[in-house]
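Peer 1: There's a structure below that I have some questions on.
The values are calculated or read from the model by the stated rules, or taken from the named source; none is laboratory data. The model shown is predicted, which means the values in this text are computed figures rather than measured ones. Backbone-built Cβ (ideal geometry, glycine too); neighbour counts: all protein chains shown.
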Amino acid sequence: MQENEREILEKMLMATVIEQRRARRWGIFFKFIFFSFILLLALIYFQGKAKPVLKEHVALIDMKGTIGQGEEIEADNVATSLRRAFQEPKVKGIILRINSPGGTPVQSAYIYDEIKRLKKITPEKKVYAVAVDICASGAYFVAAAADEIYANPSSIVGSIGVILPGFGFVETIKKIGVEQRSIAAGKNKMFLDPFSEQNPEQIAFAKNLLDDVHGHFIKAVKEGRGSRLKGQEEEIFSGLFWTGDKALALGLVDGLGSSGFVAREVIGVDEVIDYTTTHNLFDRLATRFGASVSKQLVTELGMKPQNLR
């Protein structure tokens, strides 16, 4: 009898300890939520506040990576950076430091158009594009809107062309005994299907489409560079790319130098401030905060991660 009473007492004590631990964890959890909420409010408040600038400076905007929605370079972020730089009275010049192989024509054109629009509103502020390792395709599309373009002698510049990647598996599926059984309504719904024979009409249509986009690219470069282009159009707009010194000879860039060189020697201002806008700080913190809350709930409720589907 005494042994049973001892077991019951031990179970009661263990249940009390477990309950106290759980209550303590929940207390920590809700304190974490409270202080995180206060921190988020403070960050939102101060993020929206304009930071005072005491001296004249150059606005630096980094464009590093692929241009596209959801990619490293998003047009909305670059446009936000540009607007901030153009609106700041202490900014004496704007440098777009570009290290990108290009991206989508729409996002590139969006940035190009925004630069042109802001330059019309504030013509006294000049924009300088500086190529780092590579400034090609859609990245050069953007650079063409700048007042001047600079590059390193070994930078890769150009690739003024458009591509629609594709491949064909017709012979492969024949060899391994696979049949094409896709069904579509609309004779062109399976446009350039890699598992079907090439369709000359669809190829011609795709070529015309690419020519249209290429034409927009060529027009933008001609408007941006004007008479500075020195090479043959057939060569410049062929999709080829060159080193910085060769691009200088072709009129694709205006000089050789780094962003620091442009700030000091061209704009004439030593102070450089980074105006690059990345993904919204609140969005990043909210995502991490949500992940922390979810993890805590999983722990407290005794749920396994694989059950959250």
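Peer 1: Looking at region 142-190, which of its residues are of a type outside the set (Asp, Glu), outside any loop (DSSP other than H, G, I, E, B) and over 30 Å from Gly257 (Cα atoms)?
Peer 2: Within region 142-190, Val170, Thr172, Ile173, Lys174, Lys175, Ile176 meet the criteria.
Peer 1: Count, please, the residues in region 145-199 that happen to be more than 30 Å from Glu233 (Cα to Cα), aromatic (Phe, Trp, Tyr) and either touching a residue at least 24 places away in the same chain (Cβ under 8 Å) or exposed (fewer than 10 other Cβ atoms within 10 Å of the Cβ) (or both).
Peer 2: 2
Table: residues versus (1) closer than 28 Å to Ala75 by Cα; (2) basic (Lys, Arg); (3) in a helix (DSSP H, G or I); (4) modelled with pLDDT of 80 or more.
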position	(1), (2), (3), (4)
Asp193	no, no, no, no
Glu201	no, no, yes, yes
Arg225	yes, yes, yes, yes
Ile273	yes, no, no, yes
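Peer 1: Here is a follow-up. Could you list, in sequence order, the residues of region 227-278 that are closer than 28 Å to Glu71 by Cβ, of a type in the set (Asp, Glu) and surrounded by 14 or more Cβ atoms within 10 Å (Cβ to Cβ)?
Peer 2: Hit for region 227-278 is Asp254, nothing else.
Peer 1: Of the residues in region 227-271, how many are farther than 17 Å from Ala146 by Cα and part of a loop (DSSP other than H, G, I, E, B)?
Peer 2: 11
Peer 1: Which residues, taken from region 235-249, are hydrophobic (A, V, I, L, M, F, W, C) and within 27 Å of the chain's Cα centre (by Cα)?
Peer 2: Correct list: Ile236, Phe237, Leu240, Phe241, Trp242, Ala247.
Peer 1: If you don't mind, there's one more thing I want to ask. Limited to region 44-77, what total is found for residues that are in a helix (DSSP H, G or I) and either at pLDDT below 90 or β-branched (Val, Ile, Thr) (or both)?
Peer 2: 4
Peer 1: Only one of these conditions is not met by Ile121: (1) buried (at least 18 other Cβ atoms within 10 Å of the Cβ); (2) free of Cβ contacts under 8 Å to residues at least 60 places away in the same chain. Which number is it?
Peer 2: Every condition holds for Ile121 apart from (1).
Peer 1: Specify which of the listed residues (Ala85, Ala139, Ala109) is assigned to a helix (DSSP H, G or I) and closer than 19 Å to Gly260 by Cβ.
Peer 2: Checking each option against the conditions leaves just Ala85.
Peer 1: If Gln202 passes every condition in (1) surrounded by fewer than 16 Cβ atoms within 10 Å (Cβ to Cβ); (2) without any contact (Cβ under 8 Å) to a residue 24 or more places away in the chain but one, which one does it miss?
Peer 2: (1)
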